[in-house]
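Following: one structure in structure tokens, then a few remarks.
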Amino acid sequence: MTFFRLNDQKALAWLKLKCEVILAKFESYTLLESVRNGEKHLEANKVADGRKHVAIRLLGDYLAPAWVDMLKKSYGLNDVADGPGYEYFDNTIKRPLSNGNSAEQEKAAKVSDAGYEPRPGWH
């Protein structure tokens, strides 16, 4: 029987390689299109840091929190929140809304149910 001992430094280096692959292909991932659209008005260094946060977040869905913290520390992102102006909801990355909703947005949010009848058996 052969036993292997996990080397944290080698595992962290492997995770960083995976993160670098995500960063290298960031432009081609359709999942990240909304993130790229939100970066248009950010400075270059904030775009780079934001993309690192997104890549770590994507990998972090499959990692223990301790490994996510180690990966953030390896990129020097340990004291920063989850990125510049990005919010994460159930694996969907969305830009935050403006401070207030416009009247059109409020009106669109209110959907009238006039003329609809429930289907039999559906309550």
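Miscellaneous remarks
- Of W14, W67, the order by accessible heavy-atom surface (1.4 Å probe, DNA, RNA and ligands excluded), from most exposed downward, is W14, W67.
- The count of lysine pairs in the stretch 14-80 whose Cα atoms are under 15 Å apart, excluding pairs fewer than 8 places apart on the same chain, comes to 9.
- When the surface is traced with a 1.4 Å probe over the full set of protein chains, K73 keeps roughly 130 Å² accessible.
- Over all Cα atoms in the stretch 1-75, the spread is summed up by Rg and Dmax: 14.6, 57 Å.
- Restriction of the GluC sites (Glu not before Pro) in the stretch 30-77 to DSSP coil positions whose beta-carbon has at most 12 other beta-carbons within 10 angstrom yields E43.
- Protein-only accessible surface order, largest first, of I56, I22 at 1.4 Å: I22, I56
- Scaled radius of gyration (Cα, divided by 2.2 N^0.38 Å) that the stretch 27-67 gives: 1.28
The values are calculated or read from the model by the stated rules, or taken from the named source; none is laboratory data. Predicted, not measured: the structure shown is a model, and the values here were computed from it. When we count neighbours, we look across all protein chains shown, and the Cβ atoms used for this are built from the backbone with ideal geometry, even at glycine. What goes into the accessible areas is simple: the full protein's heavy atoms, side chains included, and nothing from ligands, DNA or RNA. Shrake-Rupley method; radii C 1.70, N 1.55, O 1.52, S 1.80 Å.
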